[in-house]
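Student: Please see the structure below; I have some questions.
We did not get these values from a lab; they are worked out from the coordinates using the rules stated. No experiment lies behind these values; they were computed from the predicted model shown. Glycine gets a Cβ as well: all are built from the backbone with ideal geometry, and neighbour counts include every protein chain shown.
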Amino acid sequence: MKFKQKEFTAELGRRIAEIENTLEDYVSVFLDRYKPLLLEKGFTLEAKLSKAEDPFTPGCQSEISVGVMDEEGELIDLHTIRIWECTRHFAGLQISFHLPGSKVTGELLDETPDEVKEELTEYVKDWMEEEE
């Protein structure tokens, strides 16, 4: 879902934080469940959630990343789901600095936390099937 700067409210900030917190709690459960399964095959599974410090600052984003590494620690597969991203645009182009007339927008993940959890589970299961 896209939001204009005038729609940046405390309620939206709480919603972003709630999604981040729910998924942050899931990351440890996810790793506890699937890391040993991949370890048996000689691979390492890592997952991390990066939270937005101030979600309404252009350039700020939050995302969850899941990576699979081989025995040498080399990343062989990465899956990232962006939860929130705040950007500044001018004339349709993304810019990194304030320019008069530029607009700040935000984009929030359309999926529910449960759908994200399912996506991550399917990602690991599909990846494990490919390796068999």
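Student: Which of (1) over 13 Å from the mean Cα position of the chain (by Cα); (2) closer than 30 Å to E129 by Cα; (3) in contact (Cβ under 8 Å) with a residue 60 or more places away in the chain is the odd one out, the single condition M1 does not satisfy?
Tutor: (2)
Student: Let me ask something additional. Condition first: under 22 Å from Q5 (Cβ atoms) and exposed (fewer than 13 other Cβ atoms within 10 Å of the Cβ). Now tell me which residues in region 28-54 satisfy that. Spell out how you get there, then give the answer.
Tutor: Our first condition is that a residue be under 22 Å from Q5 (Cβ atoms); within region 28-54, this holds for 51-54.
Correct list: E53, D54.
Student: Could you say which residue among T105, T57, T22 is surrounded by fewer than 17 Cβ atoms within 10 Å (Cβ to Cβ) and not in a helix (DSSP H, G or I)? Write out each step before concluding.
Tutor: Numbers: T105 fails: surrounded by fewer than 17 Cβ atoms within 10 Å (Cβ to Cβ); T22 fails: not in a helix (DSSP H, G or I).
From the options T105, T57, T22, the qualifying one is T57.
Student: List pairs: first in region 100-115 and closer than 18 Å to G59 by Cβ, second of a type in the set (S, T, Y) and in a loop (DSSP other than H, G, I, E, B), Cβ under 9 Å, 6+ apart or cross-chain?
Tutor: These pairs meet every condition: V104/T57.
Student: Could you please give the count of residues in region 1-26 that are under 10 Å from G106 (Cα atoms) and polar (S, T, N, Q)?
Tutor: Residues of region 1-26 that are under 10 Å from G106 (Cα atoms), as a first pass: 1-5, 7-8.
Still in the running and polar (S, T, N, Q): 5.
Adding up the residues that qualify gives 1.
Student: Taking the stated definitions as given, is G67 within 28 Å of F30 (Cβ to Cβ) and not in a strand (DSSP E or B)? I'd like the intermediate steps shown before the answer.
Tutor: Numbers: within 28 Å of F30 (Cβ to Cβ): yes; not in a strand (DSSP E or B): no.
When the stated conditions are applied, G67 does not pass them.
Student: Can you find a residue in region 69-82 that is without any contact (Cβ under 8 Å) to a residue 12 or more places away in the chain and within 19 Å of the chain's Cα centre (by Cα)?
Tutor: Start the filter on region 69-82 by keeping residues that are without any contact (Cβ under 8 Å) to a residue 12 or more places away in the chain, which leaves 72, 74-75.
Applying the additional criterion that residues be within 19 Å of the chain's Cα centre (by Cα) yields 75.
Yes - at least one qualifying residue is present in region 69-82.
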